[in-house]
Amino acid sequence: MSTLSSGARAGLYIHVPFCVAKCPYCDFSSYSGIEALYAPYVEALLQHIASAGPEWPGPGFDTLYVGGGTPTVLSADRLADVLSACKSGLGLPHDAEITCEANPGMVTGASLAILAESGFNRLSLGAQSLDSGVLRTLGRIHDPEAVYGAFRAAREAGFANIGLDLMYGIPWQTLEVWRDTLHRAVSLDPEHLSLYALTLEEGTPMAESVWSGVLPEPDEDHVADMYALAQAVLADAGYVQYEVSNWARRCAGDTPGAPPRLASRHNLHYWHNDRYLGIGSAAHSFDGRSRFARCTDPKEYVRRVHNGESTREFCEQIDESLEMDETLMLGLRLMSGVTWARFQERFSIDLRSVYPQALAGLSAAGMIEVDAEGVRMAPGAYLIGNRVFAEFLR
């Protein structure tokens, strides 16, 4: 099997599957209207965290990401309890990157202060848009003022690392509206921005509305224009694109050709195909030998933890061939790509000898760039990355 470097660390993910209201475009494992499960679920998380050490053969953790759902539907004190349990039960160090997802309108100055004081040092704010009409189309329950208020409150609480999530390719969203949202977002001066094109997921209310003609279907060329506009606006504002959908503010000391210092360290674990442990319903893990997922039903998750039963519902053994494919496909999402040296260190083989035909064909087609350092996607291929990745599946 492969060998990650001796200094490699792992990511820790905690899933909170609760929302005040389910957004019509969302197919994540999240639920509304089950507030009675909040307290039992947190107790199950605390119990699971305390007992998870023996099932984890991987390295120690240097990032924690609490996501959902909407983690901040839970009280800040309970989220602080979860963080404390991760420190004591799983050895999460104090200098780890510790992120909490939050939705505007679901945080206050007081709750954010508690999160910051307990050790959360990064906030990922699910703004999605700064336009009232787009927010209504998305079925969000906040307005633009709630985004500004939450951002200001987070700064006042001491958060020096804040990311904003934004969406584009929304029905009726014009280039002008998107440009305005981008300018409003950068005026807040966040450290990080994640921009996601709307994906119509089968079974979601929004997908049904599009396919039945109630909403217009997003136009691929229009979506591409919005992506190009975002690249230009964010570059002018001093942000570095380090992944297909992610930008970080440029800082002194950033290394050319490498992800910037303000990149999401937790998500870099995924893109480097590092190990990660997921706790909570529907959470996924990769321990270097297998990938496994927890049961998706939060009530069933609570029951299993309470009874001392395994919470795993799916497990897949990862052989070295598949690990190579996934390492390359995930790494190509990064602007820095995959270096020959990093692949050689991990697998003790030259990447070029494993994928000679794919490298030659994609390079000739202008979809990848190959040089003395390694391989990366060509800028013109960012929006069709799945076509590139498919060529590396063996």
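The values are calculated or read from the model by the stated rules, or taken from the named source; none is laboratory data. Computed from a prediction, not measured in an experiment: that's the story for all the values here. Cβ sites come from the backbone with ideal geometry, for glycine too, and all protein chains shown count toward neighbours.
In table form, for the structure just shown:
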{"quantity": "Every pair of residues 6+ apart whose Cβ atoms lie under 7 Å, when the first sits in region 86-99 and is more than 18 Å from Val42 (Cα to Cα) while the second is of a type in the set (Lys, Arg) and in a helix (DSSP H, G or I)", "calculated": "Glu97/Arg265"}
{"quantity": "Number of the condition not met by Asn386 [criteria: (1) surrounded by fewer than 16 Cβ atoms within 10 Å (Cβ to Cβ); (2) at pLDDT 95 or above]", "calculated": "(2)"}
{"quantity": "Residue match in region 31-40 (condition: in contact (Cβ under 8 Å) with a residue 60 or more places away in the chain and under 29 Å from Leu166 (Cβ atoms))", "calculated": "yes"}
{"quantity": "Residue ID - modelled with the lowest pLDDT, chosen from residues in region 137-184 that are among the β-branched types (Val, Ile, Thr) and out of contact with any Gly (no Cβ under 7 Å at 6 or more places or on another chain)", "calculated": "Thr137"}
{"quantity": "Residue within region 25-37 that is hydrophobic (A, V, I, L, M, F, W, C), farther than 20 Å from Ala293 by Cα and either modelled with pLDDT of 95 or more or not assigned by TED's automatic domain parsing to the domain that holds Gly203 (or both) present", "calculated": "yes"}
{"quantity": "Among residues of region 326-382, those that are touching a Gly at 6+ places or on another chain (Cβ under 8 Å) and among the charged types (D, E, K, R), counted", "calculated": "5"}
{"quantity": "Residues satisfying the stated conditions in region 299-355, i.e. aliphatic (A, V, I, L, M) and in a strand (DSSP E or B)", "calculated": "Leu334, Val338"}
{"quantity": "Some residue of region 120-138 being in the same structural domain as Val73 (by TED's automatic domain parsing), over 15 Å from Leu166 (Cα atoms) and more than 21 Å from the chain's Cα centre (by Cα)", "calculated": "no"}
{"quantity": "Extreme residue, surrounded by the fewest Cβ atoms within 10 Å (Cβ to Cβ), among residues of region 295-306 that are in contact (Cβ under 8 Å) with a residue 24 or more places away in the chain and not aliphatic (A, V, I, L, M)", "calculated": "His306"}
{"quantity": "Breaking point among (1) in a loop (DSSP other than H, G, I, E, B); (2) touching a strand residue (DSSP E or B) at 6+ places or on another chain (Cβ under 6 Å); (3) over 21 Å from Gly11 (Cα atoms); (4) of a type in the set (Gly, Ala, Ser), for Ser281", "calculated": "(3)"}
{"quantity": "Matching residues in region 37-64 - criterion: being small (Gly, Ala, Ser) and either surrounded by fewer than 17 Cβ atoms within 10 Å (Cβ to Cβ) or assigned to a strand (DSSP E or B) (or both)", "calculated": "Ala39, Ala50, Ser51, Gly53, Gly60"}
{"quantity": "Residue in region 338-350 that is under 20 Å from the mean Cα position of the chain (by Cα) and more than 20 Å from Pro259 (Cβ to Cβ) present", "calculated": "no"}
{"quantity": "Criterion (touching a Phe, Trp or Tyr at 6+ places or on another chain (Cβ under 6 Å) and aliphatic (A, V, I, L, M)) met by exactly one of Leu92, Leu130, Leu83", "calculated": "Leu92"}
{"quantity": "Selection from region 105-119 of residues that are crowded, with 18+ Cβ neighbours inside 10 Å, at pLDDT 95 or above and either of a type outside the set (A, V, I, L, M) or not assigned by TED's automatic domain parsing to the domain that holds Ile162 (or both)", "calculated": "Ser111, Ser118"}
{"quantity": "Residue in region 257-273 that is modelled with pLDDT of 95 or more and more than 16 Å from Leu334 (Cβ to Cβ) present", "calculated": "no"}
{"quantity": "Top-ranked residue in region 1-24 [being at pLDDT 75 or above and surrounded by fewer than 17 Cβ atoms within 10 Å (Cβ to Cβ); ranked as farthest from Gly280 (Cα to Cα)]", "calculated": "Pro24"}
{"quantity": "Residues located in region 100-116, provided they are in a helix (DSSP H, G or I) and touching a residue at least 40 places away in the same chain (Cβ under 8 Å)", "calculated": "Gly109, Leu112, Ala113, Leu115, Ala116"}
